[in-house]
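Here is the structure we will look at.
The values are calculated or read from the model by the stated rules, or taken from the named source; none is laboratory data. Just so you know, these numbers come straight off a predicted model, no measurement behind them. Cβ placement follows ideal geometry from the backbone for every residue including glycine, while neighbour counts extend to all protein chains displayed.
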Amino acid sequence: MSEKPYELLYPHLFSPLKVGKNIFKNRIFLAPTHLPITIDQDGFLTKEGQTYYGNMAKGGCATVHMGEVIMDRTNSLAHEDHLNMVDENTLQTMNTFNEYCHIFGAKTAVELNHSGHFAMPQFGDGSDPMGPIERDMPAGTHVRAMNEEDMAYVCKIYAKAANMAKRCGCDMVCMHMGHGWLLGSFLSPLTNTRTDQYGGSRENRMRFPRMVLEAVRKAVGPDFIIEARLSGEDCVPGGIEIDDTIEYVKMIEDLVDLVHFSAGNRLYPETRAIMHPSHFLEEGHNVHLAAKAKASGIKIPIGAIGSIQNPEFAEQVLAEGKADYILMARGLVADNDWANKARAGKAEDIRPCIKCFRCMDLAGGKRTVSRHNIADYLTDFPTVTRRIECSVNPLHGNAMCKIGFPAPKRTKKVCVVGGGPAGMMAAISAADRGHEVVLFEKTDKLGGQMHYAKHVWFKVDMEAYRQYLIRQVSKRGIDLHLNTEATPELLKAYAPDAIVVAVGAEPVVPNIPGIHSDKVWTAIDAYGHEDQLGDHVVLVGGGMVGCETALHLSSKGKKVTLVEMLDVLAPDGIYTERLHTVYFIENDENITVMTDTRCVEVTAEGAVVAGEDGEKKLIPADSVVLSAGMKSLEAARDQFFGCAYDVINIGDCLKVGTISSATQTAYDAALTIGLDG
Ligand SMILES: Cc1cc2nc3c(=O)[nH]c(=O)nc-3n(C[C@H](O)[C@H](O)[C@H](O)COP(=O)(O)O)c2cc1C
Ligand code: SF4
């Protein structure tokens, strides 16, 4: 028997971290996340912000990092909205908020960041942005080189903001020295080509960032915690490498208490999906950077960040001495109670993030469809909505209105038709609100269209989410009927108060000659039957589903011709996911892309396609896989109309959408059942 009266399941993850006079209660930090809804027009913390960050503290993590802040209104901002660290009035909400987080023993931090050459004149006083060197940015903004007067000014605004953070009741600040922002741009040899004492050697490149750190330390005193976020590497040839970063950290160890290593540089879009890791990357893809730094003799605690979301994995990283603490952004967005669930031995109840980027890119309007989209990204946000959502966490972004939703007046009998992501989420949510739930699924398994994920090497997280939903259904006493096609007659026997219809959608089959041939498959049916497709496949439709199917078939050794009638691939993709998907397509020698091209006929030999000029061409193929969109199963859906007091359509049968729309509509349906008695 253990010597200890109480044994933790993840002893490293939940051991306290002592830094000077400060103790972090465990090794789990929320990484910096800024959401537009967390602040009002003046940059003051909103109720939504207090709820979002407060839930992270309540969920058990040791540190709640808020995002970047406004330190100055001249030329430091690359976004229009940030938390205000300038005006005294920010103290009002920040003091209360910090007190709330402290109830749970969590520390709080804001991130100090000057955008440098990425700053947008329209978000400041209209003056040119400044950086290490004079340059024109890809979007055309002129950047002027900083002189020593500018440097002194920047030191001053950092120091003032740090002082304000302390007065706000925060326990620490995080200095953003990575991703190519101002301080990071001085560190990178790609962007700092100065020939004076602020450029050239590592020591010279660190000179100005160190001046800023000295000013901040002076402003906050010795016991206030300063953390630094650095790019362990720029991930671009000629850029920062981990050996540079290790030397940089050694130069500032006397000024900062903690350091963590992200990766990538915002100037190079090809690194974005590493900085904000996509599903193509393995869990903990940056851990090797922290591990190398740990082995280098750096004395301050080192954090690992990037694509970490399993407690076992996080524990192993710490146990193997590769890092001293773990930071997570999306893992905690997907499940705010991550830390509490892990500590209580309920890791299997942690809702996994599927790395879809909706929480990050959607609200920023980063959904541009142009092929070389860095310029659009930096200047133009035509699809900005400020809408915040998470594909798997129905409370993300709108917790304020849903957490306080009234309880149902009485328990209702709820029949849910369809066991895909929407149906399962509705069944789980209705059961959690105390209803008696019966779930019907016509096939022999739950999961609906998510079923494909188990075949695909880059859909590990989606498969984990499918498994999570199945587990949660099984834990709630939901009366599950597999292999059962629900009909109005069948449901009558159950006398439901409410029917939630989640029958989904079916693939669109274009009306072209030969389309009903044996060699034609829909994308969803092709998964799991790859060996029947032959070696040469024509894939019709280059949206996200088509692109992902092409990559999947290529990984199975097929030669794929991807035919898309638009001039771009994956216009329906979320910005970062799309960047990486298109990158993988363009670098896959098994895949040939034909844009501005449509399939006009399927023959015994293959697919006949026509380009913009109308000229037809046969592409020999063993099979043709269709990815031409989906349409709601309207007849299957509408048969339930009038069969119960409440009949609520959700997910794809309501409107063809995403996992996110499935989650939201399902959760919302469960919220409204039983409210009126
Ligand atoms: C919604 C959201 C907002 C973010 N905001 C910031 C930010 O303000 N500052 C920053 O340095 N990083 C920001 N990030 C990046 C994260 O701190 C983190 O580096 C990245 O998401 C990788 O970690 P993950 O794989 O655990 O999500 C944000 C990420 C997300 C998902
Ligand atoms: S929106 Fe997507 S990427 Fe963001 S936390 Fe939710 S599941 Fe993860």
Original post:
Of all the residues that make up segment 299-325, how many are away from ligand 2 (no atom under 16 Å from the Cβ) and either assigned to a strand (DSSP E or B) or modelled with pLDDT under 95 (or both)?
Top reply: 4
**OP:** With a cut-off of at least 1 residues that are of a type outside the set (Asp, Glu) and under 35 Å from the mean Cα position of the chain (by Cα), name the strands (runs of 3 or more DSSP E) lying wholly within segment 595-677.
**Re:** 598-602, 623-626, 630-632, 646-649
**OP:** Give me the pairs, please: first residue somewhere in segment 422-451 and modelled with pLDDT of 95 or more, second residue anywhere and among the acidic types (Asp, Glu) and surrounded by 20 or more Cβ atoms within 10 Å (Cβ to Cβ), beta-carbon distance under 8 Å, and either six or more positions apart or on two chains.
**Re:** 422/652; 423/441
Original post:
Only one of 291, 273 is without any contact (Cβ under 8 Å) to a residue 40 or more places away in the chain and in a helix (DSSP H, G or I); which?
Top reply: 291
Original post:
Do you know which residues across segment 329-354 are touching a helix residue (DSSP H, G or I) at 6+ places or on another chain (Cβ under 7 Å) and within 11 Å of ligand 1 (Cβ to nearest atom)?
Top reply: 330, 331, 332, 333, 338, 353
Original post:
Taking into account only those residues within segment 374-419 that are at pLDDT below 95 and of a type in the set (D, E, K, R), which is farthest from ligand 1 (Cβ to nearest atom)?
Top reply: 410
**OP:** Taking the options 278, 296, 370, name whichever one is modelled with pLDDT of 95 or more, part of a loop (DSSP other than H, G, I, E, B), away from ligand 2 (no atom under 16 Å from the Cβ) and of a type in the set (S, T, N, Q).
**Re:** 296
Subject >> Sole residue being modelled with pLDDT under 95 and over 19 Å from residue 451 (Cβ atoms), chosen from 477, 514, 534, 541 >> reply: 477
**OP:** Tell me which residues, restricted to segment 183-204, are under 18 Å from residue 113 (Cα atoms) and either of a type in the set (Ser, Thr, Tyr) or over 32 Å from the mean Cα position of the chain (by Cα) (or both).
**Re:** 185, 188, 191
Subject >> Which numbered condition residue 570 fails, given (1) hydrophobic (A, V, I, L, M, F, W, C); (2) under 30 Å from residue 362 (Cα atoms); (3) modelled with pLDDT of 95 or more >> reply: (3)
Original post:
Which ones in segment 229-270 are modelled with pLDDT of 95 or more and in a helix (DSSP H, G or I)?
Top reply: 242, 243, 244, 245, 246, 247, 248, 249, 250, 251, 252
Subject >> Failed condition for residue 588, given (1) part of a loop (DSSP other than H, G, I, E, B); (2) at pLDDT below 95; (3) within 13 Å of residue 562 (Cβ to Cβ) >> reply: (2)
**OP:** Could you grab the pairs with beta carbons closer than 6 Å, sequence gap of 6+ or different chains, first residue in segment 295-311 and farther than 16 Å from residue 248 by Cβ, second one part of a helix (DSSP H, G or I) and more than 16 Å from ligand 2 (Cβ to nearest atom)?
**Re:** 304/287; 304/290; 304/317; 308/314; 311/342; 311/347
Subject >> Flag for residue 662 being touching a strand residue (DSSP E or B) at 6+ places or on another chain (Cβ under 6 Å) and of a type in the set (A, V, I, L, M, F, W, C) >> reply: no
Original post:
Out of (1) within 16 Å of ligand 2 (Cβ to nearest atom); (2) surrounded by fewer than 22 Cβ atoms within 10 Å (Cβ to Cβ); (3) part of a loop (DSSP other than H, G, I, E, B), what's the single condition that is false for residue 55?
Top reply: (3)
Subject >> Those residues of segment 624-637 which are in contact with a Cys (Cβ under 9 Å, 6 or more places away or on another chain) and loosely packed, with under 15 Cβ neighbours inside 10 Å, in sequence order >> reply: 634
**OP:** Find the residue count for segment 36-83, including only residues that are among the hydroxyl-bearing types (Ser, Thr, Tyr) and free of Cβ contacts under 8 Å to residues at least 60 places away in the same chain.
**Re:** 4
Subject >> Cβ-Cβ under 8 Å pairs, at least 6 apart or on other chains, segment 405-419 side at positive phi, far side crowded, with 18+ Cβ neighbours inside 10 Å and of a type in the set (D, E, K, R) >> reply: 418/441
Original post:
Given (1) without any contact (Cβ under 8 Å) to a residue 40 or more places away in the chain; (2) closer than 18 Å to residue 594 by Cα, where does residue 525 come up short, assuming only one miss?
Top reply: (2)
